[in-house]
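Heads up, the thing below is written out as structure tokens.
Since every read-out is calculated from the coordinates, none of them should be taken as a lab result. Just so it is clear, the model here is predicted, and its values are computed rather than measured. Every residue, glycine among them, receives a Cβ derived from its backbone with ideal geometry; neighbour counts consider all protein chains shown.
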There are 2 protein chains.
Amino acid sequence: MPRSIPGLKAVVLAGGSGQRFWPLSRELNPKQLLSMFGTESLIAAAVHRILPFTDGGSAITVVTNERLFDELRNHLTAQPDPELHRVRYIQEPLARNTAPAIALAAATLAVDDPDAIMVVLPSDHLLEDGGLWADCIAAAAAVAADGWLVTIGIEPTRPETGYGYIRAGEPLPGSAVGLAVPHVAAEFVEKPDHARAEEYVSGGVHFWNAGIFVMKAARVLEELDSAGGELAHIADVVRGIAALPPADRNREDARVAFAGIAPVSVDVAIMERSDRVAVIPAPLKWSDVGSLLALEEMADPDSAGNVRSGRGVDIGSRGSIVYSTDRLVATLGVEDLIVVDTTDATLVLPKERAQDVRLVVDALRAMGAPEVTQPKVSLRPWGSWTSLLKGLGYQIKLLEIKPGSKPSLQRHEHRSEHWIVVAGKAVVTCDDRVTEVPLNESAFIPLGAVHRIENRGESLLQVIEVQVGDYLGEDDIIRIEDDWDRDSR
Amino acid sequence: MPRSIPGLKAVVLAGGSGQRFWPLSRELNPKQLLSMFGTESLIAAAVHRILPFTDGGSAITVVTNERLFDELRNHLTAQPDPELHRVRYIQEPLARNTAPAIALAAATLAVDDPDAIMVVLPSDHLLEDGGLWADCIAAAAAVAADGWLVTIGIEPTRPETGYGYIRAGEPLPGSAVGLAVPHVAAEFVEKPDHARAEEYVSGGVHFWNAGIFVMKAARVLEELDSAGGELAHIADVVRGIAALPPADRNREDARVAFAGIAPVSVDVAIMERSDRVAVIPAPLKWSDVGSLLALEEMADPDSAGNVRSGRGVDIGSRGSIVYSTDRLVATLGVEDLIVVDTTDATLVLPKERAQDVRLVVDALRAMGAPEVTQPKVSLRPWGSWTSLLKGLGYQIKLLEIKPGSKPSLQRHEHRSEHWIVVAGKAVVTCDDRVTEVPLNESAFIPLGAVHRIENRGESLLQVIEVQVGDYLGEDDIIRIEDDWDRDSR
């Protein structure tokens, strides 16, 4: 049973763009929002992984950047568990690697309580939690209270040369909780060669650095201070930002100061330098979901070594990964191939090139392909919208509005809209009129009219929206009133 | 310049299902309707190949089966050239290979004129026509008038082991027209081994049997008669069907009789048996479009041997074919691979398996996948419709209606329809009312109402149709009046 640890805070790092997961991930739908390994997205799973040990969602801070903030909040507030609606957010003005992100979170938590113990977790990894995980958190929190910087070390299962390893030294006396035994971290080794990685797997004293840290907020800043130079400057800048009233933390001088700090990883800036680092070895099932190969890592292959998801058939393929989100995919006699098929883009590559998907993303970005940025289904706090067709002067969307929800009261300067209710019942506001629009009826919103659609029913409202106008961009929304206080642009 | 040959008839064989072209081809959108090699479909190109030598489209008979008849006629009447609207059709009750198809066409033409000379052409091949082609037709028609059964023999360009070859014997004296010289056909060789095929390429006397025949209608039936047995029975049956009034030719006893004849190829039934067969050797660029490899045969590869069509990027692939109809396709480091990506289905296979695509189609048919049968865009004589989304109790279509055209006056028993005009202007009939519906306005057709939409304008009319109902099948159409006399079901 997980035990709540009084005052425990969590910091979930969610600034990653996950380019190597295109076309499943997009710039505005990064890897942490994907749910290819279960019913939950990676970030929802990360929050749920630490939630039982905290005093609820408000003890959890999600650190992300300004670009992703809306998408992340829309995503988490769309989750059924209300605790996920209560998490707090820190928006970095831009991505500056993990040390500045963690330092900014530490400084912010230290304003209220310098002794606050924070668990830092990536938002886009997989971890099989269970009893041992709870023991790890309990043991880590206890030694972190004594000033240790604690990492969870994953027992390696293969000679992976792309990971960092931590060598465990002596155990810390009296610190064990169940099977979780904190040890002194004796050495950090980044990306060993294959021979060494093989030794590490069999040796039993090296563990994967999974980017999970438990430490007192003040200790993070102390370590940076004592390093001096550009690392101490990180601590100065984040303390300065955290000292501002929350509404001012994104003001221009704060942004400029943050942009000026060094983009250093927490491993280099703190863990590899400090002499008070502990590691808790743990044989947990873990993946950093570093490439499309993770689709295979977490699945059960068929007798020919294929892993398949989505509609389709295969004739005689071997060792291949076929992942389809919507459409039918057929494969015939392919070997060691990855096929990822999404509503608007398909990617085909040999497994051995899985690390190079960013080359494709770079090429697509250079040609201005919208498929790099925009996902086909856009989650919103009230439900979602999906673009079905864009033509010259018109666009068709499917709106899905959750029971009791409503998008903002808004108007458009360049388009009118036709709404046809195909499931549920809508309540439509159009200027001064409020009317019920039942199944199989329609409403017309003339250009410029102040309008809103609302689902007061108990089942999902589905509406086909046909937009007609000379400009159909998502930025032609003037919000007059919004349940989620979104940008009033 | 092509010369019209008085009284010349053409028979275009269009019963093929083209399974090896899935997912580009579908059961209801077979290979002959595809236009992947240019602006015209293969069948439109086939008709245009022979049209200049005839007295117009009405001298051309398209032989197909009942299943494909509507699709073929919709397709040809949707072409801009009005001559293609005038072609005649023979519907076989079911596919019975080429000998019965050609015999049925011969018997039908022989009713009016037993001496009629007919050019038989496949509807789904590629042929680079030009001056030599015209000479071939003229020379072939002249010797056919003397009772020869004439084939056009394509000069082989590679040692293809999948084709049939014809060995040319002595030239027929005085029969040459330009460079087209009819020879006695000395031998037919089906699918030689590789060594022999190589000899044939260099030997200069063997030619590919391209399935193009020129012969007197009566001679086809004579040859069958003289063979006796099941071949003579073919002639009897098709003569019996042709003797019926046209409207009766599909009556039950005719269908049963046709179903009872032997499914034999014209090569086996006639050409390989007759002693009066001529071949005209011709170095024409030809392809039977036998597999997806034809996508490569007819294109210019890049420096790494890749052939690509549609939006997308490639990083470092070699010798591959990437064909996309709509969506973005990215490839990274693949070799000798074929990727075919269509709106609703994707196929990936190595080039060496191109002949085995039917295995995929068989597997999909066994699982009842609609992608085997139904194309995403359905051509109609008045334009086309595309299914954008099917949900529970609703379906969304894009209708495109050509200037001056209108779908049938109809009603539905199970659905109502919302029409929103997104381009052009519609005239909508709904029971007793006829109203103009301009751009950005909509109309509602209640369940059971007699209705029609019409484009009286001069530009394309585009309409978003949202259907709502408990049953949304294409067969819920009761046609009251139709410009194309389609099934009044």
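For this structure, a couple of remarks:
- At q = 0.17, 0.19, 0.23 Å⁻¹, base-10 log of I(q)/I(0) for region B:270-359 (Debye sum, equal scatterers on each alpha carbon): -0.74, -0.87, -1.19
- Alpha-carbon geometry of the protein assembly as shown: the Rg and the Dmax are 35.3, 110 Å, given in that order.
- When you filter the GluC sites (Glu not before Pro) in region A:441-489 for DSSP loop state and at most 14 other Cβ atoms inside 10 Å of their Cβ, you are left with A:E458, A:E474.
- Once C-alpha pairs closer than 8 Å and six or more residues apart are averaged by separation and normalised to the residue number of region A:294-366, the relative contact order reads 20 percent.
- Counting every C-alpha pair in region A:388-446, the share spaced more than 20 angstrom apart comes to 27%.
- Kirkwood hydrodynamic radius (C-alpha pairs) into Stokes-Einstein, region B:381-481, 20 °C and 1.002 mPa s, D in µm²/s: 160 µm²/s
- Region A:290-409: C-alpha gyration tensor shape, a/c 1.5 cut-off, then a/b vs b/c: prolate
- Pair A:L94, A:T157: separation of 7 Å Cα→Cβ label points (nm): 3.9 nm
- Under the convention that each Lys and Arg Cβ holds +1 and each Asp and Glu Cβ holds -1, the size of the dipole of region B:225-281 around its Cα centre is about 160 debye.
- Cα-based convex hull, region B:173-216, per residue volume (Å³, whole number): 114 Å³
- On the beta carbon distance between A:E436 and A:E40, with R0 = 41 Å, the FRET formula returns roughly 0.70.
- In terms of its Cα atoms, region A:140-221 spans 38, 28, 17 Å along the principal axes, sorted from long to short.
- Of every Cα-Cα pair in chain A, the percent that sits beyond 36 Å: 38 percent
- Kyte-Doolittle mean at least 1.0 and Cα axial length at least 18 Å: DSSP H helices in chain A: A:98-112, A:131-145
- Straight-line cross-link partners of B:K402 among the lysines, defined as a Cα under 26 Å from its Cα and at least 8 positions apart when in the same chain: A:K390, A:K397, B:K31, B:K376, B:K390, B:K425.
- Distance-filtered residues of region B:351-371 - backbone nitrogen under 16 Å, label point 7 angstrom along A:E335 Cα→Cβ: B:351-354
- Given charges at Cβ of Lys, Arg, Asp, Glu: the protein assembly as shown dipole, positive-most of A:G211, A:G404, A:T98: A:G404
- Over region B:304-460, relative contact order from alpha-carbon pairs under 8 Å, at least 6 apart, %: 14 percent
- Under Karplus coefficients 6.51, -1.76 and 1.60, residue-wise ³J(HN,Hα) of region A:374-383 in Hz, glycine/proline x: 9, x, 6, 9, 9, 6, 10, x, 8, x
- Rounded to the nearest 20 debye, dipole of chain A from Cβ charges on Lys, Arg, Asp, Glu: 540 debye
- Mean-position separation - Cα centroids, region B:9-79 and region A:358-402, in angstrom: 37 Å
- A Cβ-based charge dipole, computed about the Cα centre of the protein assembly as shown with Lys and Arg at +1 and Asp and Glu at -1, lands at about 820 debye.
- Other residues whose C-beta falls under 12 angstrom from the C-beta of A:I166 contribute a net charge of -4, scoring Lys and Arg +1 and Asp and Glu -1.
- Only one residue of A:L389, B:A46, B:A144 has its Cα farthest out toward the positive end of the dipole of the protein assembly as shown, where Lys and Arg carry +1 and Asp and Glu -1 on Cβ, and that residue is A:L389.
- Calculated Rg and Dmax of region B:9-287 using C-alpha coordinates, Å: 17.9, 52
- Rg/Rh (Cα only; Kirkwood hydrodynamic radius) as it applies to region B:246-315: 1.24
- Considering only alpha-carbon pairs that sit under 8 angstrom and 6 or more positions apart, the relative contact order computed for chain B is 14 percent.
- Between A:A278, A:G130, A:M367, the Cα set farthest toward the positive side of the dipole of chain A (charges on each charged residue's Cβ, about the Cα centre) is that of A:M367.
- Cα gyration tensor category, rounded, prolate or oblate, for region B:1-69 with a/c compared to 1.5: oblate
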